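Remarks on the structure that follows.
The values are calculated or read from the model by the stated rules, or taken from the named source; none is laboratory data. Since this is a predicted model, take the numbers as computed values, not measurements. Quick reminder, even Gly has a Cβ in these numbers, built from the backbone with ideal geometry, and neighbours come from all protein chains shown. Note: accessible area is taken over every heavy atom of the protein model, side chains too, but ligands, DNA and RNA are not part of it. Shrake-Rupley method; radii C 1.70, N 1.55, O 1.52, S 1.80 Å.
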Amino acid sequence: MLRRSVGGRSTRSICLVLACLSLALHILLAIFCLSVLQTACVPPHSSSSSPLHDPGSTSRQTKSSVIISNGIFANNATEWEKEPTGDKISTKGMREVDPGGSKLEALFSHPLYNLQRPEMQEDDWLLRVKNSEDEEEERDTGGEEEEDILEYLKTNWTVAAETHPPWLRFHLGISRWELYHRTDPLLDQVTHYISTQRILNVVQKRGGTQLKLLMSFPNHGEALLKPMRQTRDAETDVNLFYFSDFERHNAEISAFHLDRILGFQRIPPVVGRLVDVVSEIKDVTTDKKLLRTFFTSPVGNTCFYGQCEYYCSTENPVCGGPLALEVSLATMLPDLTLAPRRSWRSPWRRSYSRTKLAQWEKDPAFCDGVKQTPPYDEGTRLVDLMDMAVLDFLMGNMDRHHYETFEKFGNKTFMLHLDNGRAFGRHSRDEPSILAPLRQCCRIRRSTLLRLRLMSRPGFRLSDVMRESLDRDPLAVIQPLLSEAHLSALDRRLAMVLQVLHTCQDLHDDAVYDDLEGHYEEPD
Ligand SMILES: Nc1ncnc2c1ncn2[C@@H]1O[C@H](COP(=O)(O)OP(=O)(O)OP(=O)(O)O)[C@@H](O)[C@H]1O
Ligand SMILES: [Mn+2]
């Protein structure tokens, strides 16, 4: 009996020990599984989640890279050079895309987006830190309006760069080849600055045809405001000519994101903001002509219309709801007194007439003449035009009558893609005539071609990376900046661009302008 009870107790304790052991093993197993799962969920580049920040990108150079002839260059690009059309591209030489991860990060981590910059010479920067001689000169030439800014620059350009306000660092970072470096964290700071800083003053901006406001912030920062006039989904009326269409604030924002995704960096940073039409415009403006146009609508919304050529009337008011108004804010470029710009008429400019056709619409060989005409006869200007045609076709922008360049750089520089307000008007129709430059010239930068092909692949799909990029804009919490219909139009149009390029490559040996030729640098 005693023995049985002793035997029973020891069996019970053995069972207890076994149970504890099994429990401990299960807990260990659970901890292990959790940690493995968690690791699998961490995106390939852990990052800050701030808008537009490009994680893991603060270092400007990648390990294996090619230096290229006209200024730009790539890693392991040769793998790509041999590839035919988008759908046939192999994954050779490509970073694996984590199916659950960020496609935008995967795109921006790709070697084609981490091309090594050429070494910058002093005169490749638009502005330079000043010395006392420059200051003297400026005192003599500056206009009254600019004096404040010049005074500010004079006293600040010599101090440590970190103390410069973001807008000034943006200006100081403009180079011969691009407006900003895509991986520069400054981009985040400048958009954050203009989307959050107190608005000190508002005046109407002259030039152009539609209402635009110039907003001033502390530390002399400035931004160009375009207001929301219609809902995101409102498609342009089919009976409206391109030159009568409303400008859209979300088009300005989306164009900036698209330009950056295409790898161009030719549009100044644009960000959305919700402004209070009374406390942030009416109460602070010193523009009496603007102030006179404020009124309260029948439903109690505060509205205004300003003074301009198109749509500045009581019938076309810009209204808060009742006070909040969605706007786009574009970072201002350096003042023209500091960095004069040249405006160029686009060879493929439309006629801006209801009845007349432009020369390029009548002459299929139009490009032959353009190719022989300066500045398109040498350097990268012609391929820059092609890049712009691709950008405009993707976003349906028919309003590219002019483009600008910085005078300082002569013809050896990039083209600014300003004024994108008439883009993204229609998603249900594509406008093939915007691709006329590409179709007629059959010329494209290799780096552009390869990036376009990359974005036609599911892992880097253009609509997906655009959606993700636009989601980082402050206005995305109200409503996505572009509707799904506009996003899928991007994919459809990209396929059309690639088709045109495919045909070009079949017909012409010189269709691809090789900006990626060069020698590999061994990883260090
Ligand atoms: N970010 C910017 N920084 C400095 N200047 C700018 C900026 N954006 C536009 N501008 C200047 O302001 C002018 C007018 O801007 P924009 O072209 O956007 O206006 P618009 O009313 O749409 O013009 P248009 O009627 O000619 O199409 C431009 O030609 C350009 O020179
Ligand atoms: Mn315009």
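General observations
- Arg461 open to solvent by 50 Å² or more (accessible area, probe 1.4 Å), in contact with a helix residue (DSSP H, G or I) (Cβ under 8 Å, 6 or more places away or on another chain) and at pLDDT 95 or above: yes
- A residue that is of a type in the set (A, V, I, L, M), under 15 Å from Arg273 (Cα atoms), within 16 Å of ligand 2 (Cβ to nearest atom) and open to solvent by less than 30 Å² (accessible area, probe 1.4 Å) can be found somewhere in segment 224-247.
- Options Val284, Val278; residue that is in a loop (DSSP other than H, G, I, E, B), open to solvent by 20 Å² or more (accessible area, probe 1.4 Å) and away from ligand 1 (no atom under 15 Å from the Cβ): Val284
Each row is one residue, and each column tells you yes or no for (1) touching a residue at least 24 places away in the same chain (Cβ under 8 Å); (2) over 15 Å from Leu112 (Cα atoms).
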{"position": "Leu454", "(1), (2)": "yes, no"}
{"position": "Asp464", "(1), (2)": "yes, yes"}
{"position": "Ile478", "(1), (2)": "yes, yes"}
{"position": "Leu482", "(1), (2)": "yes, yes"}
{"position": "Gln505", "(1), (2)": "no, yes"}
{"position": "Asp514", "(1), (2)": "yes, no"}
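- Among residues of segment 301-315, those that are within 14 Å of ligand 1 (Cβ to nearest atom), on the phi < 0 side of the Ramachandran plot and surrounded by 14 or more Cβ atoms within 10 Å (Cβ to Cβ), counted: 4
- All positions within segment 432-457 that are outside any helix (DSSP H, G or I) and on the phi < 0 side of the Ramachandran plot: Arg443, Ile444, Arg445, Ser456, Arg457
- For segment 212-222, the count of residues that are open to solvent by 40 Å² or more (accessible area, probe 1.4 Å), modelled with pLDDT under 95 and either within 16 Å of ligand 2 (Cβ to nearest atom) or not in a helix (DSSP H, G or I) (or both) is zero.
- Near pairs, Cβ below 8 angstrom, 6+ apart or cross-chain, from segment 334-345 (open to solvent by 40 Å² or more (accessible area, probe 1.4 Å)) to any residue that is in a strand (DSSP E or B) and within 16 Å of ligand 2 (Cβ to nearest atom): Arg341/Glu404; Arg341/Leu416; Arg342/Glu404; Ser343/His402; Ser343/Tyr403; Ser343/Glu404; Arg345/His402
- With respect to the conditions (1) within 16 Å of ligand 2 (Cβ to nearest atom); (2) in contact (Cβ under 8 Å) with a residue 40 or more places away in the chain; (3) surrounded by fewer than 24 Cβ atoms within 10 Å (Cβ to Cβ), Lys205 lacks only one, and its number is (2).
- Residue check for Pro298: within 16 Å of ligand 1 (Cβ to nearest atom) and either open to solvent by less than 10 Å² (accessible area, probe 1.4 Å) or not in a helix (DSSP H, G or I) (or both): no
- Boolean, Arg492 is in contact with a Phe, Trp or Tyr (Cβ under 7 Å, 6 or more places away or on another chain) and either more than 29 Å from Thr373 (Cβ to Cβ) or in contact (Cβ under 8 Å) with a residue 60 or more places away in the chain (or both): no
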